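One structure below.
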Amino acid sequence: MSALSDNLVTFAILAYLVAMIGHAVEYALGNVRTRVATAAPVRELVGAGGGVIPTPPAPVPSPPAADRSARKARLAGLIGVGATAVAAALHLAALVTRGLAADRMPWGNMYEFVLTVTFIGVAAWLVVLWKRPSLRKLGLFLTLVMVLLVATAELVLYVPIVPLVPALNSYWFVIHVSTIVFASGIFLFGVVPAVGFLMRNGYEQGKRSFPYTLAKRLPGAAGLERLTFALHAFAFPIFTFAVIAGAIWAEAAWGRPWGWDPKETWAFISWVVYAGYLHARATPSVKRNVATWIAVLGFLTMLMNLFGVNIFFTGLHSYGGLD
């Protein structure tokens, strides 16, 4: 079962790569719209009173080559969505088989944690995409994140299945870790429209240097900003509960609710930054791009808590599984 899980992760990475290529093709081809002729002479009608009434030019159909490009772009985008759904199914199957092989929830080390967080992120993306198909072009950036993180988990963070350390053998393991994983997955997804908004907002303001040109075919900045806020507003209370549950668990396991362990400290930093984002977003005098930068900073603190703390620090939460 463990070998099956490993193979499913490999196939999921390949499917995410196919999805990324499909979205990249759609992004490159773009949407070809019907163009209106401006060079054709404007016809004039003479009114009853002798006035001249201009007639607007008739739309000129797109050339066949442009229509073919538009169809190919749409097909590539749909392939990207389909491949993402297949990758998510393989991803979920890999987690389930890993859990069955370990006879526990698959959250015992960094490898399993990253696999679960990324699955939550892509599952949330598919739900949002089902509700708002117009956001499909964000799929290029989402699948890029999936390829990078899942491949990193498989190639760098992988560890064989081992029993949980004694401190994790508690029902609080399911309560605390499940909520922290879920919130982290939503935050992971939330940083994609956040970065997209920052690029698109700059593009709409006339900036044409890199990376703003990447946002040329993204949805409007206002819609991306609203999605960013909705995802963070949804995830923040869950993250808050996870931190509180961790403190209760620490009291039961170690005799104190808080000890400024490196992971506890960085969890608190992330909580403060995300709270600052929501406060800034609700303050009319704070510009939306400034508030969104705070959200991006919050995700960077989450990455530090996941990778930096487990790799560079030693503490009571050193369960990364890496040597």
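The values are calculated or read from the model by the stated rules, or taken from the named source; none is laboratory data. None of the values given here were measured: they were computed from a predicted structure. FYI the Cβ positions are ideal-geometry reconstructions off the backbone, even for glycines, and counts take in every protein chain you see. In case anyone asks, the SASA skips ligands and DNA or RNA and just uses the protein heavy atoms, side chains included. Shrake-Rupley method; radii C 1.70, N 1.55, O 1.52, S 1.80 Å.
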Accessible solvent surface per residue of the chain, calculated while the other protein chains remain in place, 1.4 angstrom probe, Å²: 50
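In whole Å, what three semi-axes, largest first, describe the equivalent ellipsoid of region 67-178 built from its Cα gyration tensor (square root of 5 times each eigenvalue)? Could the numbers behind the result be given before it?
Details: eigenvalues 227, 38, 23 Å².
Semi-axes from the Cα gyration tensor: 34, 14, 11 Å.
Could you work out the Rg to Rh ratio of region 127-203, with Rh taken as the Kirkwood radius (inverse of the mean 1/r over all Cα pairs)?
On the way: Rg = 17.0 Å, Rh = 15.4 Å.
In region 127-203, Rg relative to Rh is 1.10.
Carbon and sulfur: what percent of the chain's accessible surface (1.4 Å probe)?
Working: 11380 of 16200 Å².
Here carbon and sulfur together make up 70 percent of the probe-accessible area.
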Helix by helix through the chain, keep the DSSP H runs that span 27 Å or more along the axis on Cα and average at least -1.0 on Kyte-Doolittle, and give those back in order. 2-29, 64-102, 110-131, 171-204, 221-254, 262-281
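Please state the relative contact order of the chain as a whole percent: Cα pairs under 8 Å, 6+ residues apart?
Relative CO of the chain lands at 18 percent.
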Size of charge dipole - the chain - debye, nearest 20, with Cβ of Lys, Arg +1 and Asp, Glu -1, no other charges: 1520
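Quick check: net charge around Tyr203, other residues with Cβ under 14 Å of its Cβ, Lys/Arg +1 and Asp/Glu -1? Mind showing how you got there, number by number?
Values: positive: Lys137, Arg200, Lys207, Arg208, Lys216, Arg217; negative: Glu204, Glu225.
Charge balance in the 14 Å sphere: +4.
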Rounded to whole angstroms and listed largest first, the alpha-carbon spread of the chain along its three principal axes comes to 94, 48, 31
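Is there a pair in Lys137/Lys216; Lys72/Lys137; Lys137/Lys287; Lys207/Lys287 whose C-alpha atoms are over 21 Å apart, and which pairs would that be? Intermediate values should be presented prior to the final figure.
Values: Lys137/Lys216 11 Å; Lys72/Lys137 14 Å; Lys137/Lys287 25 Å; Lys207/Lys287 18 Å.
Those over the limit are Lys137/Lys287.
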Just the Cα atoms of region 228-281: what Rg and Dmax do they give in Å? 12.6, 38
